[in-house]
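Have a look at this one before I ask anything.
Readers should treat all values here as calculations from the given coordinates under stated rules, not as data from a laboratory. All figures in this text were calculated on a predicted structure; none of them were measured in a lab. All Cβ positions, glycine included, derive from the backbone under ideal geometry; neighbour counts span all protein chains shown.
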Amino acid sequence: MKTILKSIILTAIIFAAASAESKDVVVARVKNKTVTLSAIKNLHEKNQMEQIRKAPFDAVFRPLRDQKVLELLLEEAKSTVDLSADEEVLKLMEEARRAIELQLFLKRAIEKRITDAKLRGLYTELTQKMKNQKELEVSVIVVSNGSQAEKVLKELNAGKDFGSVAAEYSLEPEAKKNKGNVGYLLEAAIGSALGEDVLSALKTLKDNVHSKKSIAMKDGKHLIVRRGNSRAAVIPPFDQLKPQLKNLYAQKALMEYVDELSKQIDLKVYTMTGGDDVFKSLSSANQPA
């Protein structure tokens, strides 16, 4: 009886999965190949461009679908030509292979130099720099133009909740989802993250107050900013910052590695006229003359 029951349950699961799969909408056909809605959603979720990943799916559906269709059209046209032994293809493949090997070799060489001890040293440096610094809780509403900004400001000045207005009007997907809240930002980093005009506006505002005027951005959009609470800079634990510390230290590790190679391997450089010259590694190239 148990065996029969297990068989029935397994059959039901397989049937349910097959039914769900069969309901996947076909959004394009190229000869005998189909493009499904789930495939386009996957392109959206895993897209290399952050701007596309953050955009609403319905806003990017058609461009992503047509991109996939173009890919299948080209593959279909290419299938009529055999390029496997083509000299140009083989040359490009060899160049790509060498570039990939070099990139992987360099990646592994750098990773060997990024130790916890070095990262903890960098963490200590950052901790010292962040002492006595302040963080501001920032919220923003991004709209398409000045007239839209005036409409938003009118509602805010009438006492409407900033978060509700941000959820209704803001064009920035993440901020819209979080009711405008960007989180706590280090005051010294706000200028580079959001722009010097935003930093200036935040400095003039008291806690829990929004700007009375919108800030024009370079792309023509307008931004209304709100300063929430302020606090002493909070330094996350080492383990939480470790991925960012690795990225920060990677450039230094690369410079160190190139310096080592230039000293270990017989190396000569010359001027355009054939005279002796000096090789400048990445680190020395960044030093003032």
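Only residues in the range 205-228 that are farther than 15 Å from Gly180 by Cβ count as the first member; pair them with residues that are of a type in the set (Lys, Arg) and in a strand (DSSP E or B), Cβ under 8 angstrom, at least 6 apart or cross-chain, and list the lot.
Lys206/Arg227; Asp207/Arg227
Then there's this: Return the pair list, or none, for Cβ contacts closer than 8 Å from residues in the range 109-126 that are farther than 14 Å from Asp239 by Cα to residues that are aromatic (Phe, Trp, Tyr), at least 6 apart or on different chains.
If the second residue must be aromatic (Phe, Trp, Tyr), the pairs left are Ala109/Tyr257; Ile110/Tyr257; Arg113/Tyr257; Ile114/Tyr249.
May I pose another question? If you check Glu111 against the conditions, is it in a helix (DSSP H, G or I) and either touching a Cys at 6+ places or on another chain (Cβ under 8 Å) or exposed (fewer than 10 other Cβ atoms within 10 Å of the Cβ) (or both)?
Working: in a helix (DSSP H, G or I): yes; either touching a Cys at 6+ places or on another chain (Cβ under 8 Å) or exposed (fewer than 10 other Cβ atoms within 10 Å of the Cβ) (or both): no.
Spelling it out, it is not the case that Glu111 is in a helix (DSSP H, G or I) and either touching a Cys at 6+ places or on another chain (Cβ under 8 Å) or exposed (fewer than 10 other Cβ atoms within 10 Å of the Cβ) (or both).
Which of (1) part of a helix (DSSP H, G or I); (2) under 24 Å from Lys221 (Cα atoms) is the odd one out, the single condition Glu137 does not satisfy?
Looking at each condition in turn, Glu137 falls short on (1).
Now a separate question. Assess whether Ile100 counts as being in a helix (DSSP H, G or I) and touching a residue at least 24 places away in the same chain (Cβ under 8 Å).
Numbers: in a helix (DSSP H, G or I): yes; touching a residue at least 24 places away in the same chain (Cβ under 8 Å): no.
Spelling it out, it is not the case that Ile100 is in a helix (DSSP H, G or I) and touching a residue at least 24 places away in the same chain (Cβ under 8 Å).
Within the range 157-169, is there a residue that is out of contact with any helix residue (DSSP H, G or I) (no Cβ under 8 Å at 6 or more places or on another chain), among the β-branched types (Val, Ile, Thr) and assigned to a helix (DSSP H, G or I)?
Filtering the range 157-169 down to residues out of contact with any helix residue (DSSP H, G or I) (no Cβ under 8 Å at 6 or more places or on another chain) leaves 157-161, 163-164, 168.
So of that shortlist, the ones also among the β-branched types (Val, Ile, Thr) come out as none.
No, because not a single residue in the range 157-169 is out of contact with any helix residue (DSSP H, G or I) (no Cβ under 8 Å at 6 or more places or on another chain), among the β-branched types (Val, Ile, Thr) and assigned to a helix (DSSP H, G or I).
Pairs please, first residue from the range 253-265 and closer than 18 Å to Gly121 by Cα, second anywhere and part of a helix (DSSP H, G or I), Cβ atoms under 7 Å, 6+ apart in sequence or on different chains.
Here the result reads Ala253/Ile110; Ala253/Arg113; Leu254/Ile110; Leu254/Leu282; Met255/Leu282; Met255/Ser283; Glu256/Arg113, each pair linking the range 253-265 to a residue that is part of a helix (DSSP H, G or I).
Determine if the range 219-238 includes at least one residue that is hydroxyl-bearing (Ser, Thr, Tyr), part of a strand (DSSP E or B), farther than 20 Å from Val142 by Cβ and out of contact with any helix residue (DSSP H, G or I) (no Cβ under 6 Å at 6 or more places or on another chain). Full working, then the answer.
Residues of the range 219-238 that are hydroxyl-bearing (Ser, Thr, Tyr), as a first pass: 230.
If we keep only those that are part of a strand (DSSP E or B) as well, we get 230.
Imposing the further condition that a residue be farther than 20 Å from Val142 by Cβ reduces the set to 230.
Right, trim to out of contact with any helix residue (DSSP H, G or I) (no Cβ under 6 Å at 6 or more places or on another chain) and you get 230.
For the range 219-238, residues hydroxyl-bearing (Ser, Thr, Tyr), part of a strand (DSSP E or B), farther than 20 Å from Val142 by Cβ and out of contact with any helix residue (DSSP H, G or I) (no Cβ under 6 Å at 6 or more places or on another chain): present.
To continue, here is another question. With respect to Gly191, is the statement that it is free of Cβ contacts under 8 Å to residues at least 12 places away in the same chain, in contact with a helix residue (DSSP H, G or I) (Cβ under 6 Å, 6 or more places away or on another chain) and among the small types (Gly, Ala, Ser) true? Full working, then the answer.
Values: free of Cβ contacts under 8 Å to residues at least 12 places away in the same chain: yes; in contact with a helix residue (DSSP H, G or I) (Cβ under 6 Å, 6 or more places away or on another chain): yes; among the small types (Gly, Ala, Ser): yes.
Yes.
Of all residues in the range 172-214, count the ones that are crowded, with 20+ Cβ neighbours inside 10 Å, in a strand (DSSP E or B) and aliphatic (A, V, I, L, M).
Matching residues across the range 172-214 total 1.
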